[in-house]
Amino acid sequence: MTEIDDEPGTVSATAVAEIVGALSRGVDLDRAALARCFEHHPDLIDSFSDLSATMTRWKQKDRERSALLESASELIRVRDTEKLLQKLVDRARTLIGCDIAYLSQYYPETDDLRVQASRGAISANLKELRVPPGVGLAGQVVRDRSAQWTSNYDLTRLPHERRVDSAVKAERMESLLGVPMLVDGEVLGALFAANRYPHDFTTDEITLLSALADHASVVLKTAQLMGDLAEAAQASAEAEETAAAQASTLQRLVEVEEQLTQLVLQGQGVPAVLAAISELLEADVIVVDSGRLGSPSFPADEAFFDGITVDDADVRTALSHSRATGRSAQVAGAQHMYVASVASHRRQHSALFVRFDDEPADGDANIVAQAAQTLALIRMNEQARADAENRVRGELAVDIIAGTRDLSELEARSRTGGFSLSGPWRLMTIQGDIENDDRIAARLVRLEPRILMTQRSPGITVLLPSAVIRDRPTLDTLFEESGASKVRW
């Protein structure tokens, strides 16, 4: 182009082209450089200065958009919450050009803010900072849910707190900008930019930090949701596992109940039940009758308790609890030992003791209680049979003594009950404690099944075959042990 230097108001076309070219290449032009080229054209200098500033802002905006797009992309790719929050803090410090950037998470249960990530800090105070409710600029950000800033922190009239002021002084902060991290009106935290010199934050800086805070909000909310989902999944898995375990335990209890019921229906006795329970539980078992339970030397005289220290009071406490509840009870002070009451008679309570080698499995305590109930049923059946036999014995004894029935009739009745009336007989009366009558009668029957007897006040009337008389020492020992106060032959 033709240059017209000698005419007023004209400029060099080449100079204009060079300036435009420099601006298009992104070169920042200061006003001094423009003045040298267009010293007689102030309007042109102003125009080019404005154009340079505008292009600089466009470049900055372009960098910010690129950074925000990159952050949005990272939100999708990165699963490490701490790592992503740190990246957002780093990006905030770079884009805004501040000395310090940090992010604090809000805890609604305590209403305080705790620093989670920072960059540019020179002391440990900031990393460990917890801002109490309503304190400082951070408290105002949470309260108002809006951006807050100051060019000189010391001059603010916001509520101060010693630890917060200490952290601010340690970092030598002067200007501070804070923006809330919000999701659907819920405050998740706040993102901060600070400088160690007075600075008036621009609208662009506030907008940019707010955009980064929005990204941080997404990160925290996603982390919370993922955490809730993980907890829900774990709770569901635990519930499913618990339900499966309970179903397995219940199935085991049903199978044990069926097995014990079969033993009763088959007419099996106490030894068969104890053997089955010992095998099922892989434990040592024993039944102690009421007489031995009441012995002053119990449990020291039981070999079952060898190797462990068992206090008599603890045993009785556990047994009382079992009687009251119908369940088994653990014996205090005796590791892995359970006891269950075997209530086979209104005046007698035996006890089933089970000693495990290791910690009992779920449901084992219930199985001990089931076994005790089965033993009680067997004992009651045995007692019912014994009562029936004793009733026949008693009726025969009364009729023989009274002589009111024909002998042939009595012999027929005795054959039906499995008794023999072959004599000769000796008459004996036993007077003792009524509480011991059942036990004495049972011991006599075990000693000699042919015995006939009837329990009539005051005591027991007995017809003994003569052959039993020859075993008199055994009878004497029986009466002495039973506490019978008077025996008449």
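The values are calculated or read from the model by the stated rules, or taken from the named source; none is laboratory data. As the structure is a computational prediction, the values presented were derived from the model and not from experiment. With ideal geometry, Cβ positions are generated from the backbone for all residues, glycine too; neighbour counts draw on all protein chains shown. Protein only, heavy atoms only, side chains kept; ligands, DNA and RNA dropped before computing areas. Shrake-Rupley method; radii C 1.70, N 1.55, O 1.52, S 1.80 Å.
Quick notes on this one:
- Meets criteria (under 27 Å from K221 (Cα atoms) and out of contact with any Lys or Arg (no Cβ under 8 Å at 6 or more places or on another chain)) for K127: yes
- Failed criterion for M226 (all others in (1) within 17 Å of A101 (Cα to Cα); (2) open to solvent by 60 Å² or more (accessible area, probe 1.4 Å) hold): (1)
- So D204, is it within 23 Å of G120 (Cα to Cα), charged (D, E, K, R) and not in a helix (DSSP H, G or I): no
- Failed item, numbered, when P159 is tested on (1) at pLDDT below 90; (2) not in a loop (DSSP other than H, G, I, E, B): (2)
- Single unsatisfied condition, V354 versus (1) within 19 Å of L281 (Cβ to Cβ); (2) of a type in the set (A, V, I, L, M, F, W, C); (3) surrounded by fewer than 15 Cβ atoms within 10 Å (Cβ to Cβ): (3)
- In summary, Q234 fulfils each of the numbered conditions (1) open to solvent by less than 30 Å² (accessible area, probe 1.4 Å); (2) free of Cβ contacts under 8 Å to residues at least 40 places away in the same chain; (3) among the polar types (S, T, N, Q); (4) out of contact with any Leu (no Cβ under 7 Å at 6 or more places or on another chain) with the single exception of condition (1).
- Screening segment 330-351 for residues that are within 32 Å of the chain's Cα centre (by Cα) and open to solvent by less than 10 Å² (accessible area, probe 1.4 Å) and picking the one that is farthest from Q262 (Cα to Cα) gives A334.
- Some residue of segment 144-161 being open to solvent by less than 10 Å² (accessible area, probe 1.4 Å), touching a residue at least 40 places away in the same chain (Cβ under 8 Å) and under 42 Å from the mean Cα position of the chain (by Cα): no
- Among residues of segment 367-382 that are farther than 16 Å from S322 by Cα, those with a Cβ under 6 angstrom from a residue that is surrounded by fewer than 24 Cβ atoms within 10 Å (Cβ to Cβ) and at pLDDT below 85, sequence gap 6+ or separate chain, pair up as L377/V264; R379/S344; M380/S344.
- All positions within segment 285-329 that are more than 35 Å from the chain's Cα centre (by Cα), touching a residue at least 40 places away in the same chain (Cβ under 8 Å) and open to solvent by 50 Å² or more (accessible area, probe 1.4 Å): D289
- Selection from segment 162-201 of residues that are assigned to a loop (DSSP other than H, G, I, E, B) and open to solvent by less than 30 Å² (accessible area, probe 1.4 Å): M173, F201
- Filtered residues of segment 78-113 (kept if open to solvent by 30 Å² or more (accessible area, probe 1.4 Å), under 18 Å from M173 (Cβ atoms) and not in a helix (DSSP H, G or I)): G97, D99
- Filtering L260, L253, L280 for residues that are open to solvent by 30 Å² or more (accessible area, probe 1.4 Å), touching a residue at least 24 places away in the same chain (Cβ under 8 Å), under 21 Å from F356 (Cβ atoms) and part of a helix (DSSP H, G or I) leaves a single hit, L280.
- Answer from I451, I430, I440 - the residue that is open to solvent by less than 50 Å² (accessible area, probe 1.4 Å), closer than 30 Å to S322 by Cα and at pLDDT 70 or above: I440
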